[in-house]
Amino acid sequence: MKLTNFIGGKWQEATDATYTPVINPATGEELAQVQMSTGQDVDRAVQSAKEAQKIWSRVPAPKRADYLYEIGRIMKEKKEHLAQVLTKEMGKVIEEGRGEVQEGIDMAFYMAGEGRRLFGETTPSELADKFAMSIRAPIGVVGLITPWNFPVAIATWKSFPAIVAGNTFLWKPATETPMMAYEMAKIFEQVGLPDGVANIVFGSGAEVGTAMIEHKDIKVISFTGSTETGRKVAEAGGRNLKKVSLEMGGKNAVIVMDDADLELAVDGILWSAFGTAGQRCTACSRVIVHKDVKEKLQNRLLEKIETLTIGDGMDETVKVGPVINKKALEKIHSYIGIGQKEGATLLAGGEILTESPYDKGNYYAPTVFSDVTPDMRIAQEEIFGPVVSIIEVNDFEEAIAVNNGVIYGLSSSIFTSDVNKVFKAQRDLDTGIVYVNAGTSGAEIHLPFGGTKGTGNGHRDSGVAALDVFTEWKSVYVDYSGKLQRAQIDNEI
Ligand code: UN1
């Protein structure tokens, strides 16, 4: 199977196309070949998106939303198929594959509802017989750059608000996971989304991503990926005066206080640290635990890790799937030496699984470090794999300080039964998402998603906040006095 670009409603071979294999991380099997496009293909897609946007922006928003209802309905109909494709190309276990597709379905229906809201504001004018309002206007052609760890959900967080608001888009999916983009393009075709509203160009960040950021007719770039790349996107975006929305890394912590339900906390940690093999930007990679319950929590965590089945996510009983590729395996593994050198104690895992049946895929053993101090690299840097570091603290204040003492600010969680700590924590945890008595992952699509500090640049994906990325506020004044009235001058009392 060869995956070609989807431009102007047609499947198009790239100029000078070369192809790269798409590999199932669980088995090493080749699933497809994806084409690597060039800047010329980006330009072609932008032209088509630009033409389409002129018409699309005039389609009433409730009618634009009708396409989203249809997209959501078809995604629901094909949910199992989509989940299987997702699990095969990305590696997450099938239950989570279904969950991710559900996230996309929810986003479709939620944003379709926005077609009949897209609320602006009316406000009094300071002058008589004058009407004032602010409305959300579409921006134009928007560029979406999405990562491999959530190949469909993240794309829906961006593309659905973009189109309901009257923009058209060019989407560059990650080269590791292009098949979900192909599946979505087939759905766009099936619902008869007008040609050019949705365009997909496959290729590398260096070539296609750069061409998108440099293109003068792409007005917004919404990017999810590494902090390293995000910084480059922001720099180039700044130079080109583009609106750039960034969603980057995390170093999310679960705080466990001495008054917590420990069994629940352990379950929360297991799910957030080892679900998706730790490859979520919301994954828990630090446990900040009160000294009085550390031993107990640690022991229970180690017992429960033993029960996690590792393997191909297509097997319904498997809880931890592979990581995306060999490079990721090596990066994760490099942190074992780093942690040990810094004086942390390796309590579990710390190895690449090489024996059959693991030898064909990219499997890493769920890993726990203890005796970690907040300044160690394993407690500061995003590892993006199934590795968690346990840090002991003396009290609540120290726990908050350790949580906040990293460059990232995506998600945090606290397990406690003290209502005062709950409210203090939600105020003081410096992250865009805060959980109480739940792990760090599992955000719902109708709430804003994003983080503070090095995680982002102030924008949010999903939720109604996503509309802020894809619309421009336009202030409209209608003077019906029939005479020239001058604000600030003719309105003295
Ligand atoms: C991500 O890891 O980039 O909150 C997205 C969660 C999911 C989305 C994660 N709903 O864990």
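What follows draws every value from the coordinates through simple rules; no lab data is involved. Since this is a predicted model, take the numbers as computed values, not measurements. Neighbour counts are summed over all protein chains in view; Cβ atoms, including those assigned to glycine, are modelled from backbone coordinates with ideal geometry.
Could you tell me how many degrees, from 0 to 90 and to the nearest 10, lie between the Cα long axis of helix 153-164 and the main elongation axis, the longest principal axis, of the Cα atoms of the chain? The answer is roughly 10 degrees.
With axes computed from alpha carbons, what is the tilt in degrees of helix 79-90 against the longest principal axis of the chain, rounded to the nearest 10 within 0 to 90? Tilt of helix 79-90: around 60 degrees. Once the C-beta distance of Lys10 and Lys54 is scaled by a Förster radius of 22 Å, the resulting FRET efficiency is 0.70 to the nearest 0.05. Ranking of His459, His290 by neighbouring Cβ atoms within 10 Å, starting from the fewest: His459, His290. Spread over its residues, the convex hull of the C-alpha atoms of the stretch 252-436 is 107 Å³ per residue. Distance from the alpha carbon centroid of the stretch 264-281 to that of the stretch 195-211 works out to 33 angstrom.
Arranged from fewest to most other beta-carbon atoms within 10 Å of their beta carbon, Glu355, Glu392, Glu214 become Glu355, Glu214, Glu392. Most tightly packed first, judged by the mean number of other beta-carbon atoms within 10 Å of their residues, the peptides 311-321, 333-343 read 311-321, 333-343. Three principal axis extents of the stretch 233-290 based on alpha-carbon atoms, in descending order, are 51, 22, 13 Å. Between 0 and 90 degrees, the angle of helix 94-114 with respect to the longest Cα principal axis of the chain falls at about 20 degrees.
So between Ser475 and Ala487, what do we pick up on full extension, going 0.36 nm a residue minus the alpha carbon distance?
Fully extending the segment from Ser475 to Ala487 adds 2.9 nm.
Whole-percent P(r), the chain, all Cα pairs, 20 Å bins from 0: 23, 52, 22, 3, 0. Inter-label distance, Lys453 to Glu303: 3.4 nm, where each label sits 7 Å from its Cα along the C-beta direction. How high is the FRET efficiency between Asn404 and Ser226 when r is their beta carbon distance and R₀ equals 35 Å, given to the nearest 0.05? Taking R0 as 35 Å, the efficiency between Asn404 and Ser226 is 0.95.
Placing a label point 7 Å from the Cα of Ala465 along the Cα-to-Cβ direction, the residues of the stretch 382-412 whose backbone N falls under 17 Å from that point are 408-412. For the stretch 1-49, the spread of Cα positions along the three principal axes, ordered from largest to smallest, is 40, 20, 14 Å. Straight Cα distances below 19 angstrom link Lys2 to the lysines Lys10, Lys88, Lys172, Lys186, with same-chain residues fewer than 8 positions distant left out. Here's the picture: a label point sits 7 Å out from the Cα of Ser356 along the beta-carbon direction, and within the stretch 10-32 the residues with their amide nitrogen under 19 Å of it are 26-29.
What's the long-distance tail for the stretch 154-256, i.e. % of Cα pairs beyond 18 Å? Here the tail beyond 18 Å accounts for 52 percent of pairs. Couplings 3J(HN,Hα) of the stretch 475-488, computed from phi: 9, 10, 10, 10, 9, 10, 7, x, 9, 6, 10, 10, 4, 6 Hz, in residue order, whole Hz [Karplus 6.51 cos²θ - 1.76 cosθ + 1.60, θ = phi - 60°; x for Gly and Pro].
Based on C-alpha pairs under 8 angstrom that are at least 6 apart in sequence, the chain has a relative contact order of 18 percent.
Close amide H contacts of Val436 (hydrogens built in the peptide plane, cut-off under 5 Å, sequence separation of 5 or more or a different chain): Ile414.
Summary of the geometry: the stretch 333-387 and the stretch 71-110, compared by the centres of their Cα atoms, lie 30 Å apart. Karplus-derived 3J(HN,Hα) values for the stretch 387-401, using 6.51 cos²θ - 1.76 cosθ + 1.60 with θ = phi - 60°, are 10, 10, 10, 9, 10, 8, 10, 8, 7, 4, 4, 5, 4, 5, 5 Hz; glycine and proline are entered as x.
Rank the residues Thr354, Thr156 as a footprinting-exposure proxy: fewest other Cβ atoms within 10 Å of their Cβ go first.
Numbers: Thr354 8, Thr156 29.
Starting with the residue having the fewest Cβ neighbours, the order is Thr354, Thr156.
Compare the peptides 291-302, 267-278, 409-420 by average per-residue count of other Cβ atoms within 10 angstrom and give them in order, highest first. Can you show the working numbers first?
Working: 291-302: 16.4, 267-278: 24.9, 409-420: 22.3.
Put in order of decreasing packing, that is 267-278, 409-420, 291-302.
What separates the Cα centres of the stretch 285-332 and the stretch 1-68 is a distance of 36 Å.
For the peptides 7-17, 199-209, the ranking by mean Cβ contacts within 10 Å, running from highest to lowest, is 199-209, 7-17.
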